[in-house]
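Take a look at the structure below.
The values are calculated or read from the model by the stated rules, or taken from the named source; none is laboratory data. Because the structure is predicted, anything quoted here is derived from the model rather than measured. Neighbour counts run over all protein chains shown; Cβ positions are idealised from the backbone, glycine included. Keep in mind that these areas ignore ligands, DNA and RNA; they rest on the heavy atoms of the full protein, side chains included. Shrake-Rupley method; radii C 1.70, N 1.55, O 1.52, S 1.80 Å.
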Amino acid sequence: YTDTDGDPFTGDWARDSQYDIDQFGVTARIEGDLGFATLTSITGYIDFDRDFYIDSDASPLRQFEFNQLDHVQQWSEEVRLSGDAGQLNWVVGGIYSQDKVKVRTPSFLDNLFATEGLITADQDTTAFGAFAQGEWALSDTLSLVAGLRYTDEEKDYVGGTRDLNPFGISLLINPLCPGPTQPCQLS
């Protein structure tokens with residue numbers, strides 16, 4: 001392939017590319033004065049979708065093209081109690097969060113490898129944390145700070161790459177799959 005117009009800022013892409021992002025997010029913060037301390041709750045939610053097409057070689061051939069489709073949902077909650085007692089400022093609390101990430105990426109290798117593929121990923125994450133911190137003022141310019149944090153996180157992931165072989169003659173040869181002309185999935 002040769003660039004026919006000489007302009008380095010244009011290409012002869014096989015198709016028009018799209019780039020579409022939709023995101024919704026909300027955060028709520030509530031505080032209450034308990035007299036001896038302040039109770040704070042922070043709740044957050046994000047819903048994110050992305051769809052974009054990549055023609056990485058900018059040629060009219062379909063050889064390294066991908067359509068990236070992502071969906072992410074995240075929810076989190078933090079609750080903390082903070083206060084002071086003379087020279088000591090302190091905070092204790094906990095946080096919980098859940099993330100769900102789904103990725104689907106069709107790939108188009110038609111002209112170079114005579115095949116198309118599909119990359120998928122599905123990941124769920126659940127996390128919990130607890131924390132405590134104290135700051136003791138030794139003077140106007142010197143403090144002693146001590147803290148603890150515990151975090152527990154669990155991830156579940158399923159994903160893989162599949163040679164879809166829509167033409168029956170895929171040239172992607174992988175020793176982990178039964179043959180170059182069979183649909184193949186690597187997980």
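Peptides 34-44, 157-167, 143-153, 112-122 ranked from most to least packed by the mean count of surrounding Cβ atoms within 10 Å: 112-122, 157-167, 34-44, 143-153.
Note that segment 61-66 has calculated 3J(HN,Hα) couplings of 8, 8, 10, 9, 10, 9 Hz, one per residue in order, obtained from phi through the Karplus relation 6.51 cos²θ - 1.76 cosθ + 1.60 (θ = phi - 60°); glycine and proline are x.
Look at where the Cα atoms of segment 22-83 and of segment 85-120 average out, and the two centres are 10 Å apart. Overall size of segment 54-116 from C-alpha positions, given as principal axis extents largest first: 73, 20, 13 Å. Distance between the 7 Å Cα→Cβ label points at Asn89 and Thr43: 2.8 nm.
Relative contact order, percent, of the chain when contacts are C-alpha pairs under 8 Å separated by at least 6 residues?
Details: 464 pairs, mean separation 27.5, N = 187.
It comes to 15 percent, rounded to a whole number.
Counting alpha carbon pairs within less than 8 Å and at least 6 residues apart, what relative contact order, in whole percent, applies to segment 12-123?
On the way: 273 pairs, mean separation 25.7, N = 112.
Value for segment 12-123: 23 percent.
Matching the structure-derived Cα extents along the principal axes in Å against the labelled list (i) 55, 48, 24; (ii) 76, 44, 30; (iii) 60, 36, 30 gives the label (ii).
Enter the accessible area per residue of the chain (Å², integer; probe 1.4 Å; all protein chains in place).
Details: 12230 Å² over 187 residues.
Per-residue accessible area for the chain comes out at 65 Å².
What number, in percent, do you get for the relative contact order of segment 14-58 if the mean sequence gap of Cα pairs under 8 Å and at least 6 apart is divided by its residue count? Can you show the working numbers first?
Numbers: 61 pairs, mean separation 22.4, N = 45.
In percent, rounded to a whole number, it is 50.
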